[in-house]
1. Out of the stretch A:40-57, which residues are in contact with an Asp or Glu (Cβ under 8 Å, 6 or more places away or on another chain), surrounded by fewer than 20 Cβ atoms within 10 Å (Cβ to Cβ) and in contact (Cβ under 8 Å) with a residue 12 or more places away in the chain?
2. Residues in the stretch A:1-8: is at least one of a type in the set (Lys, Arg), assigned to a helix (DSSP H, G or I) and out of contact with any Cys (no Cβ under 7 Å at 6 or more places or on another chain)?
3. Being at pLDDT below 95 and at the interface with another protein chain (Cβ under 7 Å from one of its Cβ atoms) is the filter here; which residues of the stretch B:57-68 pass it?
4. Looking at A:120, A:109, which is the one that is under 30 Å from residue B:155 (Cβ atoms), within 14 Å of chain B (Cβ to nearest Cβ), among the β-branched types (Val, Ile, Thr) and in contact with a helix residue (DSSP H, G or I) (Cβ under 9 Å, 6 or more places away or on another chain)?
5. State yes or no: is residue B:133 touching a strand residue (DSSP E or B) at 6+ places or on another chain (Cβ under 6 Å) and either in contact (Cβ under 8 Å) with a residue 40 or more places away in the chain or more than 14 Å from chain A (Cβ to nearest Cβ) (or both)?
6. The conditions are (1) farther than 18 Å from residue A:62 by Cβ; (2) among the polar types (S, T, N, Q); (3) crowded, with 18+ Cβ neighbours inside 10 Å, and residue A:122 fails exactly one of them. Which is it?
7. Would you check if residue B:75 is over 23 Å from residue A:140 (Cβ atoms), of a type in the set (Phe, Trp, Tyr) and away from chain A (no Cβ under 14 Å)?
8. Go through the stretch A:70-98 and give me each residue that's surrounded by 14 or more Cβ atoms within 10 Å (Cβ to Cβ), in a helix (DSSP H, G or I) and within 14 Å of another protein chain (Cβ to nearest Cβ).
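The values are calculated or read from the model by the stated rules, or taken from the named source; none is laboratory data. Quick caveat, the model's predicted, so the values are computed rather than measured. Heads up, the Cβs are rebuilt from the backbone with ideal geometry, glycines too, and the neighbour counts pull from every protein chain shown.
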Amino acid sequence: MSDAARGDADAAWAHVAAFTAEIPRLKWFAAVGTILAPAVIAAVERYVAALGLAPGPIAPVAGWREAAATAQRPDWSRDWWQAESACEQTLQRQGAARFGLQPLLAALTALAEAAAELQTPSASALAAAGVDAPALAKVAAGAAAQACHQRGLALLAGSETGRAFTAKFELFAAGHWPLGIVGGTCFVF
Amino acid sequence: MSAPAATPIKSVDALKAAPEEYRLAVRKIVRSHAVNELYGARVYDEPAIALAPTPYLKWLTCRIAMEEYGHHVRFRQLGEQMGIPESEMTPEGRKPLSIFEFPLKTWEEFCVVKLLADLAEIIQVEDLMKCSFMPLRNLAKVTMPEEIFHSQFGKDTCTELVKTEDGRKKVQAAIDHYFPMMPAFFGKTDSANNAVYRKYGIKQRTNEDMRADFLKRVRDLVEGHLKLKLPEVAEAA
């Protein structure tokens, strides 16, 4: 490995380590149900565009019950989920080519272990809203953990393909929960 | 039949002074849980994310997979403190349970696996909650709420699925496929290992007792609650 490549790899590991350390400090779900700020809408637009999907309406979701109902609607976009999955697979291939599969998986495992704690903020946010729904706390924690995994993949791959997950993670970091594309609209809680 | 109360062993350090037979018995249990929690997450929970029919269920399944993996981590950490080599606590180093040899193909199968296998796991963990080795007892208490949630998830999702004729058929087919493997989950009748576990209060119940308890509880769930048929199986493993 050349010095430049080694420096590049070291920087990627440092980014992932810093990101992993940042996970417990973020204000998870702190802005759910609030008005979507222009910066949030801009991040949603970048997220949808980076997935290669057509732009569409963006809508806020007012409460936890509505969020649960939205995530269970039958008209959710299979194209949206497939686009994310395809992006994940590409990033994993790129990351494995860059660092080797085992080191890549080890870094993602450390990240997943940090993200395993995200049920505490989701449960707290539900309790603060007066909603008793243990399963929904797990659903929200699962979505947040998935976003951490995807952001980690993007950092490790170090390619343009990861832009969608960088934008998606901005939404979580801003305290929101992007619920995906349902009935042609991108919903953000 | 319950085992007599045994002197509790309060820590991993105190384990060093326990009889070798006791130490080996505890190692077997910790190793088995570490291997099977990891393998179960890999072959059932992770693939089920793609099969789940809505984003809500995909994210919930993602969380369940993480919790099952978390159980592996907890058992592995205890195993490491006890000096068990890491290679013996992964499916690559130790053979997992035979139920894991059948790859998951449908969402209905996953829901049935949670219904059946997580109930079996609850029965095993209930027994460990009275274990004479306190670190294992404490670990059982920590993992139990999540095991209960996973089993309830299986019950809730199957309850929803059987509301349609197509769903009933698919859930019944999955029960027919997976249930016959379940009695073996509890180990052999007149097991020498189980006799050692009970001798030291590491476990409280015979394999036969736990299997009979499982069969009663699963019959209540499948025939009483879901109004489906439980296939006939040989109860003795």
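1. The one that is in contact with an Asp or Glu (Cβ under 8 Å, 6 or more places away or on another chain), surrounded by fewer than 20 Cβ atoms within 10 Å (Cβ to Cβ) and in contact (Cβ under 8 Å) with a residue 12 or more places away in the chain: A:53.
2. Initial filter on the stretch A:1-8 (of a type in the set (Lys, Arg)): A:6.
Within this subset, residues satisfying the condition of being assigned to a helix (DSSP H, G or I) are A:6.
Those left that are additionally out of contact with any Cys (no Cβ under 7 Å at 6 or more places or on another chain): A:6.
Yes, some residue in the stretch A:1-8 is of a type in the set (Lys, Arg), assigned to a helix (DSSP H, G or I) and out of contact with any Cys (no Cβ under 7 Å at 6 or more places or on another chain).
3. Within the stretch B:57-68, just B:66 meets the criteria.
4. Numbers: A:109 fails: under 30 Å from residue B:155 (Cβ atoms).
The unique qualifying residue is A:120.
5. Working: touching a strand residue (DSSP E or B) at 6+ places or on another chain (Cβ under 6 Å): yes; either in contact (Cβ under 8 Å) with a residue 40 or more places away in the chain or more than 14 Å from chain A (Cβ to nearest Cβ) (or both): yes.
Judged against the criteria, residue B:133 is a match.
6. Failing condition for residue A:122: (1).
7. Working: over 23 Å from residue A:140 (Cβ atoms): yes; of a type in the set (Phe, Trp, Tyr): yes; away from chain A (no Cβ under 14 Å): yes.
The answer is yes for residue B:75.
8. Selection gives A:70, A:71, A:80, A:81, A:83, A:84, A:88, A:92.
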